[in-house]
Amino acid sequence: MESFPVIDLGKLNTSERGTTMEAIKDACENWGFFELVNHGIAIELLDTVERLSKEHYNKCMEQRFKEMVASKGLESAQSEINDYDWESTFFVRHLPSSNLSEIPDLHEDYRRAMKEFAGELEKLALELLDLLCENLGLEKGYLKNVFYGTKGPNFGTKVSNYPPCPKPDLIKGLRAHTDAGGIILLFQDDKVSGLQLLKDDEWIDVPPVRHSIVVNLGDQLEVITNGKYKSVMHRVIAQTNGTRMSLASFYNPGDDAIISPAPSLVKEDDEPSQVYPKFVFNDYMKLYAGLKFQAKEPRFEAMKAIATV
Ligand SMILES: [Fe+2]
């Protein structure tokens, strides 16, 4: 079996640029996921973000999680739980405006590190969007411009911890879903695994690689590429030992961005049923809110039926 794609982004500036672009193209077409090393984000910054995220969980989040588990009786479950995830999370918004100063209980060092981390991830997301454009034969800046709408993209980080779980077969760390948005950059624990993606009907582990960034494609890139690239189902299996940290940063279109297949990626002889819908991004998000843990195809069909733009 092919192994999960790990791509050395540092090779883009060498004579191996061609094979690196090819590896990204193959990962986008066949996996919807890849892992980047030498991505340009300083290792010291990643170490700081990891340390402060874990400290913050231990100090401010762990107790709250335990209370939630006790109040829902999750530990004594006897059958599969389908309406909760075994995760502790909070969300930091970076764009169009930051909410970092409004989140309570964050240490000043953590706020500073998160701000710097977000700036670096934003740069990486934009670089990746242009690499995708190049592979797709779209002009440079095409995806960035589509995502911009009139007020700029939505960009934020979901900080998650998955504590040790006594019954990982009955409750998922995070139930299976595809991501709604654009491109997602994940900084995950390098020791405690648990992220899996669905490929050819099999769940495959996304291996922890120290200081790597895992990239995956959301539903919007599937629409814009008219299905050439696909968003892929993934989930988190909580572990019985060890707390897993994961920081997922979502670089998404702006609320009023109009999403539709790029004209050059729709073939003239495509049947109407083969062409993805056109819609306002926020309308998709409203639909997604209630259907996150279901298959994406009915969401695309529902957007076709609404056809508001
Ligand atoms: Fe996800």
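The values are calculated or read from the model by the stated rules, or taken from the named source; none is laboratory data. For clarity, every value in this text was computed on a predicted model and none was experimentally measured. In this analysis, Cβ positions are derived from the backbone assuming ideal geometry, glycine residues included, and neighbour counts consider all displayed protein chains.
A few remarks follow.
Residues checked against (1) farther than 16 Å from Asp105 by Cα; (2) surrounded by fewer than 18 Cβ atoms within 10 Å (Cβ to Cβ); (3) in contact (Cβ under 8 Å) with a residue 40 or more places away in the chain:
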| residue | (1), (2), (3) |
| --- | --- |
| Gly18 | yes, yes, no |
| Ile24 | yes, no, yes |
| Leu36 | yes, no, yes |
| Glu44 | yes, yes, no |
| Leu52 | no, no, yes |
| His56 | no, no, yes |
| Glu67 | yes, yes, no |
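- Every residue from the stretch 169-194 that is within 15 Å of Phe34 (Cβ to Cβ) and more than 9 Å from the ligand (Cβ to nearest atom): Ile183, Leu185, Phe187, Gln188
- Residue check for Asp179: among the acidic types (Asp, Glu) and in contact with an Asp or Glu (Cβ under 8 Å, 6 or more places away or on another chain): yes
- Taken as a whole, the structure leaves Pro272 outside the set of residues that are buried (at least 17 other Cβ atoms within 10 Å of the Cβ) and more than 16 Å from the ligand (Cβ to nearest atom).
- Single residue of the stretch 137-168 satisfying the filter (charged (D, E, K, R) and in contact (Cβ under 8 Å) with a residue 24 or more places away in the chain) that is farthest from Asp189 (Cα to Cα): Lys151
- Taking the criterion of being modelled with pLDDT under 95, outside any helix (DSSP H, G or I) and not β-branched (Val, Ile, Thr), the only residue of the stretch 296-309 that qualifies is Ala307.
- Subset of the stretch 206-220 that is in a loop (DSSP other than H, G, I, E, B) and of a type in the set (Val, Ile, Thr) - its residue that is surrounded by the most Cβ atoms within 10 Å (Cβ to Cβ): Val206
- In the stretch 234-249, the residue that is farthest from Thr48 (Cα to Cα) out of those that are within 14 Å of the ligand (Cβ to nearest atom) and touching a Ser or Thr at 6+ places or on another chain (Cβ under 6 Å) is Ser249.
- Every test in (1) more than 16 Å from the ligand (Cβ to nearest atom); (2) in a loop (DSSP other than H, G, I, E, B) is passed by Val223 save one, and that test is (2).
- Residue list for the stretch 240-278, filter: part of a loop (DSSP other than H, G, I, E, B) and over 30 Å from His94 (Cα atoms): Thr240, Asn241, Val266, Lys267, Glu268, Asp269, Asp270, Glu271, Val275
- Strands (runs of 3 or more DSSP E) (entirely within the stretch 81-184) containing at least 3 residues that are surrounded by fewer than 17 Cβ atoms within 10 Å (Cβ to Cβ): 88-95
- Meets criteria (more than 30 Å from Pro253 (Cβ to Cβ), of a type in the set (D, E, K, R) and away from the ligand (no atom under 16 Å from the Cβ)) for Asp200: no
- The stretch 256-275 - residue that is of a type in the set (Gly, Ala, Ser) and without any contact (Cβ under 8 Å) to a residue 60 or more places away in the chain and, of those, nearest to Glu301 (Cα to Cα): Ser273
- Unmet criterion (only one of (1) in a strand (DSSP E or B); (2) within 12 Å of the ligand (Cβ to nearest atom); (3) among the hydroxyl-bearing types (Ser, Thr, Tyr)) for Ser231: (1)
- Matching entry among Ile204, Ile258, Ile224 (being closer than 21 Å to Asp85 by Cα and of a type in the set (A, V, I, L, M, F, W, C)): Ile204
- Residue in the stretch 114-136 that is in contact (Cβ under 8 Å) with a residue 60 or more places away in the chain and within 16 Å of the ligand (Cβ to nearest atom) present: yes
For every residue, the table says whether it meets (1) modelled with pLDDT of 95 or more; (2) more than 27 Å from Val206 (Cα to Cα).
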site	(1), (2)
Ser246	yes, no
Pro261	yes, yes
Glu271	no, yes
Gln274	no, yes
Phe279	yes, yes
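Each row is one residue, and each column tells you yes or no for (1) free of Cβ contacts under 8 Å to residues at least 40 places away in the same chain; (2) touching a helix residue (DSSP H, G or I) at 6+ places or on another chain (Cβ under 9 Å).
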| position | (1), (2) |
| --- | --- |
| Arg244 | no, no |
| Ala248 | no, no |
| Pro277 | no, yes |
| Leu287 | yes, yes |
| Gly290 | yes, no |
| Glu297 | yes, no |
